[in-house]
Amino acid sequence: MRYLPILLAGVLSACASTTPQWDARFGIDTRMALAQQVLQPAAGRNTDPVMGMDGRSARAAYERYQKAGSEQPQTMMNNGAK
């Protein structure tokens, strides 16, 4: 019986409607944060080719990168003995 007021308060708060201002502004901060992270909004419409490395240089750099990751470093054990 003493929990009845707490239960009724919970039930009544669930029936409350949200304010129109809150509904109208829902998601504005998320959209603003996303828009602030976009560097160049029109980048997708740019049809100019990308300027950078030629194919041979890019392939050689990629192969060096792949080879450098596959080499295992030598393990050294030093237990203090001479």
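The values are calculated or read from the model by the stated rules, or taken from the named source; none is laboratory data. Predicted model only: the values in this text are computed from it and were never measured. Cβ coordinates were reconstructed from backbone atoms using ideal geometry, including for glycine residues, and neighbour counts include every protein chain displayed.
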(message) Yes or no: segment 25-35 includes at least one residue that is more than 26 Å from the chain's Cα centre (by Cα) and either in a helix (DSSP H, G or I) or modelled with pLDDT of 85 or more (or both).
(response) no
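Filter segment 59-76 down to the residues that are outside any helix (DSSP H, G or I) and either among the β-branched types (V, I, T) or surrounded by 10 or more Cβ atoms within 10 Å (Cβ to Cβ) (or both) and list them by number.
Passing the criteria: only T75.
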(request) Check segment 44-58 and report whether any residue there is out of contact with any helix residue (DSSP H, G or I) (no Cβ under 7 Å at 6 or more places or on another chain), in a helix (DSSP H, G or I) and surrounded by 10 or more Cβ atoms within 10 Å (Cβ to Cβ). (result) yes
